[in-house]
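Have a look at the structure below, then the notes.
The values are calculated or read from the model by the stated rules, or taken from the named source; none is laboratory data. Keep in mind the model is a prediction, meaning the values are calculated, not measured. Note that each Cβ is placed from the backbone with ideal geometry, even for glycine, and that neighbours are counted across all protein chains shown.
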Amino acid sequence: MQKRDLLYEGKAKRLFTTDDDNLLIAEFKDDLTAFNGEKHDTEAGKGALNNRISTELFKLLESKGIPTHYVDTPDENHMLVKKVEIILIEVVVRNIATGSLSKRLGIEDGTKLPFTLVEFYYKRDDLNDPIINDEHCLILDLVRHEGDLEELKRLGREINVILKSFFADKGLNLVDFKVEFGYDREGNILLADEISPDSCRFWDMESGEKLDKDRFRQGLGGVKVAYEEVLKRILGENK
């Protein structure tokens, strides 16, 4: 399957059309961005690492019954995916308070939440991706059916159960993560985009070391090393 026309370019990926109208090729970039693009850099090999990590996690989730857009990984920087109409809602699932949640609500950083929290954010860079509720989603016509909002929450929680257990066995706390979904040509909701240290927070269970994009956000350095460590844990090469 060959890349044809550039369909879309985001902060971390480019999407290309293919000879099949129902399939796209995602190219994972080495770019690092934070704070809605205000901070930007590149890290050689980061795109390939995110592609490999996302591949492994999409396969895991598919095996557990989560429908995804994943089809194949033809090489280290590209992923073949089903074409979907992206739902402009970022679904954020939180197990431990940190980042924007701590800042907004004054919850001490590192506090374990009493239950899994699912939040919606409007996928609009020009508005700084504001947090929204169900009614906002309906006013903005972000989903085709009202019941789709509950489905997004259900899928977010189910993905959390699977990944939280998986990473706990690897010695990592899944602090929180962001996922995106889309409608396929039949109207089914599929998990899309990526699942990687760009979109998840991972803390080592013993040391508390951050192994995700917070290393870039907070100027901690060692981004590539951290991503490599996450991949090793996923593959069972280290713990």
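Summary table below
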quantity: Residue within segment 150-162 that is at positive phi and assigned by TED's automatic domain parsing to the domain that holds ASP212 present; calculated: no
quantity: Count of segment 127-144 residues which are part of a helix (DSSP H, G or I) and not acidic (Asp, Glu); calculated: 5
quantity: Index of the failed condition, SER54 passing every other in (1) within 15 Å of the chain's Cα centre (by Cα); (2) in the same structural domain as LEU117 (by TED's automatic domain parsing); (3) not in a strand (DSSP E or B); calculated: (2)
quantity: Residue among GLU186, GLU180, GLU206, GLU158 that alone is surrounded by fewer than 22 Cβ atoms within 10 Å (Cβ to Cβ) and in a strand (DSSP E or B); calculated: GLU180
quantity: Candidate set from segment 209-239 (those that are basic (Lys, Arg), under 23 Å from THR42 (Cα atoms) and touching a residue at least 60 places away in the same chain (Cβ under 8 Å)); member that is surrounded by the most Cβ atoms within 10 Å (Cβ to Cβ); calculated: LYS213
quantity: Residue check, THR116 hydroxyl-bearing (Ser, Thr, Tyr), in contact (Cβ under 8 Å) with a residue 24 or more places away in the chain and surrounded by fewer than 18 Cβ atoms within 10 Å (Cβ to Cβ); calculated: yes
quantity: Flag for LYS59 being of a type in the set (Lys, Arg), within 29 Å of LEU235 (Cβ to Cβ) and part of a helix (DSSP H, G or I); calculated: yes
quantity: Residues of segment 16-54 classified as surrounded by fewer than 18 Cβ atoms within 10 Å (Cβ to Cβ) and either free of Cβ contacts under 8 Å to residues at least 12 places away in the same chain or closer than 16 Å to CYS200 by Cβ (or both), total; calculated: 3
quantity: Lone unmet requirement of (1) within 21 Å of PHE202 (Cα to Cα); (2) without any contact (Cβ under 8 Å) to a residue 60 or more places away in the chain; (3) not acidic (Asp, Glu) for GLY99; calculated: (2)
